[in-house]
Amino acid sequence: MTRRDVRALASLMDRERRLLLSGDLAALARLVPEKTRLAAALPSAGVDRETVEALSRSAHRNARLLAAALSGIQSAQLRLSAARDTPPNLETYDRGGRRQTLGGAGIRHDHKA
């Protein structure tokens, strides 16, 4: 690994951060092969401690952003699932203790292609 490769890895990690912040997960996935190649060559690069620490901080920062993005996606999936699984009617009781059904139309889902 050359110094240019080390700079390329640092630049790639900055780009990864921007993509995580913007939510462009498709572009983020396209960085994986290059990031893997550059990171695999890092141990043999003979880079100084300061550079390794800076790259490590960037990697940890991006890992936290990725975990937050994943958490957000999972939360959205749960909310969509809950909305989809909501029964169309609400059954309750009136003052006289008689069962009463409220609603009837349920939640309307518009599907767009």
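Checking the stated criteria, L65 turns out to be at pLDDT 95 or above, touching a Leu at 6+ places or on another chain (Cβ under 9 Å), closer than 30 Å to L19 by Cα and not acidic (D, E).
For first residues located in region 21-43 and farther than 21 Å from A54 by Cα, partners that are surrounded by 10 or more Cβ atoms within 10 Å (Cβ to Cβ) and lie 6+ apart or on another chain with Cβ distances below 6 Å form the pairs A27/L19. Only helices (runs of 4 or more DSSP H) whose full extent lies in region 16-93 are considered here, and the ones with at least 2 residues that are over 23 Å from V6 (Cβ atoms) and of a type in the set (A, V, I, L, M) are 25-30, 49-84.
Looking at region 8-51, which of its residues are modelled with pLDDT under 90 and of a type in the set (K, R)? Matches in region 8-51: R49 only.
Going by the conditions given, is V32 β-branched (V, I, T) and more than 24 Å from the chain's Cα centre (by Cα)? It would help to see each step written out before you state the result.
Values: β-branched (V, I, T): yes; more than 24 Å from the chain's Cα centre (by Cα): no.
Here the answer is no, as V32 does not meet what is asked.
The values are calculated or read from the model by the stated rules, or taken from the named source; none is laboratory data. Values in this document were obtained by computation on a predicted structure and should not be read as measured data. Note that we place each Cβ from the backbone using ideal geometry, even for glycine, and neighbour counts take in every protein chain shown.
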